[in-house]
């Protein structure tokens, strides 16, 4: 039977390249409405079972799309380079009970998290950055960032647009400039 890693590998090789190309074409279209793109992204993201969407190779593809959306929102040209091929899916041990190869060690904890960077940049700019009580969106804690409501999802900032009543990705520098 095909496990989650195998299914994810199929998505990464067959689905995501076409999905990403569609996203890029849309982002480069004149008059693109970023709120619609964000809704489309969130709808697709929600279609993956957690067993698939939580895998590193799938999270990388979703992050790549978010980065393209951020680039487009900043008026930059979207990177259309194909993603590097995923590492091969490890084969199941041929001998029942044989040990699996060791996993790579977790990243060093000495590096700042994205949340730490956002907090540090807010503090440097004198902008209030604090959790909004017990408020959550899509399972993520909502924060006050100056006059905006934001949440963080996989190193991407989403800000709430009061006019459209939608969450949309926003670059940290842009967020700092409007707060």
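Derivation of every value follows stated rules applied to the coordinates shown; laboratory data play no part. Quick caveat: nothing in here was measured; it's all calculated off a predicted structure. Methodologically, a virtual Cβ is constructed for each residue, glycine included, from the backbone with ideal geometry; neighbour enumeration extends over all protein chains shown.
Some points to look at:
- Each peptide in 161-168, 58-65 gets a packing score, the mean of other Cβ atoms within 10 Å over its residues, and the list from highest to lowest is 58-65, 161-168.
- Overall Cα dimensions of region 4-73, principal axis frame, Å, largest first: 38, 19, 16
- C-alpha center-to-center spacing [region 1-39, region 120-178] in angstrom: 25 Å
- For region 4-73, the relative contact order works out to 50 percent when only alpha carbon pairs closer than 8 Å and six or more residues apart are counted.
- Anisotropy class of region 114-178 from Cα gyration tensor, a/c 1.5 cut: rounded
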